[in-house]
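Everything on this sheet refers to the single structure shown next.
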Amino acid sequence: MKTFAMHQPAILAAVLALAAAPIHAQPAAKPLQVKIGTASPLSGTGAHQGKDIENGARMAIDELNAKGIVLGGRKVQWVLQPEDDAADPKTGAAVAQKLVDAKVAAVVGHLNSGTTVPASKIYANAGIPQISPAATTPLYTHQGFKTAFRVVANDNMVGRTLASYSMNTLKAKKIAVIDDRTAFGQGLADEFVKGVKAGGAGASVVSRQFTNDKATDFNAILTQIRARDPDVIFYGGMDAVAGPMLKQMKALGLRAKLVSGDGVCSEKMPQLAGDALVDDKVFCVVAGGVEGPQEAGMQAFVQRYQQRYKMPLQTYAPYAYDAVMVFAKAMQTANSSEPAKFLPALAAIQYDGVTGHIAFDPKGDLKNAALTLYTYRKGQKTKLQVLR
């Protein structure tokens, strides 16, 4: 029979081997992937505006990844999924379903009101929160969806503000109205007409004309308008149509000023209109705005954008950037990227962003929304004032 003493060397060797073995830490938790979708026109005449949305959102995604945010004990890997809705309602609906199927946590989009409204129903059915950085039709947030939000003012405010400015500052008495028959263009023009009728400034709409968002020839409608000799032509639509329209206004000798909403208020407008864009010819508003101390933050954002993308910021990038950041804050408040869990935090959000303070009313509209009025001088978009 072997004694215990005979085993001591073997036991000691085993103990020493265990002591020398490396101690392995528990494997780190796998990163939590959180997808944010963007939906906007990345092709067609509105591609420069749609790409602006994608670019702004991507800046936010990259900054969030650099912060090392943790949700539910797991480090978050933020992923952007951009989709091209071609500014087309049917394509917009297909893109919305694609994003739902991809299990995105939230969506920044769409650009156009005509794509935003049908897409919003698909997101609502899936319980996925959506923030539009651009769509202004009141219908979007008046459908009763708890998932629909926007970070810009709506057409009610934009249209009536432009009507007031046309009558009281530009002193217009005779006003012609053109719209492109899209949900955005027609809705904005309708609100502008309501504002003129309610204005009590002795102004009247002397001509109401229609085009479409792909038109290039406006001679027929502009010739009819010229016979009325208006002081102001209001256009409901986007810059891709407004630019050529200005050229034809010049060719026909129309002296009227052109007034429009944020679809026209882009950095590309001088290129689209050429020498027809003389000083103080076009007046437009962007459905948002900052003033005072907030201006420095916006200027810094514009510089970062231009340094990164080597192109001018168009209109909507800062609103898309803020939309992503608002989603991220709501998720951090709820400590979850599950839409059902962070949606209440989103509805109650209080966030100071690049575009100003963001808080939503019960419909999902921006509280105390601002408008920024611009004109063009020496080929540059020139800020005139912020209105609330």
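The values are calculated or read from the model by the stated rules, or taken from the named source; none is laboratory data. Small disclaimer: the values here were computed from a predicted structure and weren't measured. Methodologically, a virtual Cβ is constructed for each residue, glycine included, from the backbone with ideal geometry; neighbour enumeration extends over all protein chains shown. With ligands, DNA and RNA removed, areas are computed over all heavy atoms of the protein, side chains included. Shrake-Rupley method; radii C 1.70, N 1.55, O 1.52, S 1.80 Å.
One table, with the values for the structure above:
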| read-out | value |
| --- | --- |
| Wholly within segment 337-388, strands (runs of 3 or more DSSP E) carrying at least 1 residues that are more than 16 Å from the chain's Cα centre (by Cα) and at negative phi | 351-353, 371-377, 380-387 |
| Segment 330-347, subset of a type outside the set (Lys, Arg) and free of Cβ contacts under 8 Å to residues at least 12 places away in the same chain, residue surrounded by the fewest Cβ atoms within 10 Å (Cβ to Cβ) | 344 |
| Qualifying position, being without any contact (Cβ under 8 Å) to a residue 60 or more places away in the chain and in contact with a Leu (Cβ under 8 Å, 6 or more places away or on another chain), among 186, 224, 271, 248 | 248 |
| Every residue from segment 278-304 that is open to solvent by less than 40 Å² (accessible area, probe 1.4 Å), in contact with a Gly (Cβ under 7 Å, 6 or more places away or on another chain) and either more than 18 Å from residue 319 (Cβ to Cβ) or not in a loop (DSSP other than H, G, I, E, B) (or both) | 284, 285 |
| Segment 90-117, residues that are without any contact (Cβ under 8 Å) to a residue 60 or more places away in the chain and either open to solvent by 40 Å² or more (accessible area, probe 1.4 Å) or under 14 Å from residue 54 (Cα atoms) (or both) | 90, 91, 94, 97, 98, 101 |
| Residues (more than 25 Å from residue 185 (Cα to Cα) and part of a helix (DSSP H, G or I)) located in segment 97-146 | 97, 98, 99, 100, 101, 125, 126 |
| Among the candidates 189, 176, 215, 201, residue that is open to solvent by less than 30 Å² (accessible area, probe 1.4 Å), among the hydrophobic types (A, V, I, L, M, F, W, C) and either in contact with an Asp or Glu (Cβ under 7 Å, 6 or more places away or on another chain) or on the phi > 0 side of the Ramachandran plot (or both) | 189 |
| Among the residues listed as 149, 184, the single one being crowded, with 20+ Cβ neighbours inside 10 Å, in contact with a Gly (Cβ under 8 Å, 6 or more places away or on another chain) and not in a strand (DSSP E or B) | 184 |
| Condition check for residue 17: modelled with pLDDT of 95 or more, surrounded by fewer than 15 Cβ atoms within 10 Å (Cβ to Cβ) and at negative phi | no |
